[in-house]
1. For volume of the Cα convex hull per residue in Å³, the listed values are (1) 142; (2) 150; (3) 119; which was obtained by calculation from the structure presented?
2. Run the numbers for residue 183 and residue 139: contour at 0.36 nm per residue of separation, minus the present Cα-Cα distance, in nm.
3. How much length, in nm to one decimal, is gained on full extension between residue 152 and residue 124, taken as 0.36 nm per residue of separation minus their Cα-Cα distance?
4. Over what distance in Å are the Cα centres of the stretch 106-123 and the stretch 134-156 separated?
5. Return the single residue from 101, 184, 83 with maximal mean-square fluctuation; model: Gaussian network over the chain, springs between Cα atoms under 10 Å.
6. So, in nm, how far is label residue 78 from label residue 3 when the simple model puts each one 7 Å beyond its Cα toward the Cβ?
7. Under the classification rounded if a/c is under 1.5, otherwise prolate if a/b is larger than b/c and oblate if not, where does the stretch 1-119 fall, given a ≥ b ≥ c as square roots of the Cα gyration tensor eigenvalues?
8. Out of 124, 75, 137, any idea which swings most in a Gaussian network model of the chain, alpha carbons joined below 10 Å?
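Here, each number is a calculation from the coordinates, and none is a lab measurement. Everything numeric in this text was worked out from a predicted model, so none of it was measured. In this analysis, Cβ positions are derived from the backbone assuming ideal geometry, glycine residues included, and neighbour counts consider all displayed protein chains.
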Amino acid sequence: MIRLDIFADPVCPWCWIGLAELSRALDSRPDHPFSIAYHPFRLNPQMPRGGMDRADYLRAKFGDRVAEIEAPMAARAADIGLHLNPSPREPDTTDAHRLMHWAGVEGAQSAVMSGLLRAHWEQARDIGDPGVLAEIAADAGMNRDLIARLLASDADRDTVAAREAHARERGISSVPTFIVADQHAVAGAQPADLWLRVIDDLGQEV
């Protein structure tokens with residue numbers, strides 16, 4: 001197996017699109033060589049714990065350019081059949097990344113990330129809400145009650161922060177970023193065709 005490290009944040013629209021493109025490629029190559037691991041990287045590390053109204057967040061970040069900034073993302077999403085219905089709440093994703101950290105222990109990261117992305121971008125749910133996170137965990141086969149107890153604590157909050165700091169020290173500055181075999185960085189929401197070429201090239205090397 002070849003390690004594929006993915007740095008992503010579920011509130012990043014290009015992560016939503018990029019991971020959907022990767023998923024399409026992997027579905028087309030079920031014998032792909034990748035062993036996938038997700039790593040925390042918060043798009044908005046200064047977001048208050050309770051999050052904020054998404055419209056207010058976008059206005060504060062982009063001013064009167066919100067429609068201009070969002071148009072390419074909406075068009076790209078539509079091109080690959082993604083239904084855009086984002087949460088009206090822009091959350092602090094620290095707890096979502098704590099959940100992803102625990103999912104890594106149970107081999108449930110891909111299912112949990114898929115649940116987080118669907119919840120935020122398609123179901124208009126607040127993934128800063130512990131109840132929503134516990135439900136996503138349960139849908140991925142994790143223990144809902146245990147996750148709820150962990151979320152109510154500060155368990156692994158420092159661990160997630162340290163892992164993110166390490167990623168930034170390595171030069172990761174945007175998401176999504178994919179590291180193939182701990183050597184080759186692929187940045188951004190790449191189309192499925194690119195991933196198919198990568199998979200096929202790796203298959204020829206084996």
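1. The calculated read-out lines up with (3).
2. Details: separation 44, 0.36 × 44 = 15.84 nm, distance 3.36 nm.
Once the chain is fully extended between residue 183 and residue 139, it gains 12.5 nm.
3. Details: separation 28, 0.36 × 28 = 10.08 nm, distance 2.28 nm.
Additional length available on full extension: 7.8 nm.
4. 13 Å
5. Highest fluctuation among the options: 184.
6. Using points 7 Å along Cα→Cβ, the separation is 4.1 nm.
7. Working: a/c = 2.49, a/b = 1.39, b/c = 1.80.
Verdict is oblate for the stretch 1-119.
8. 75
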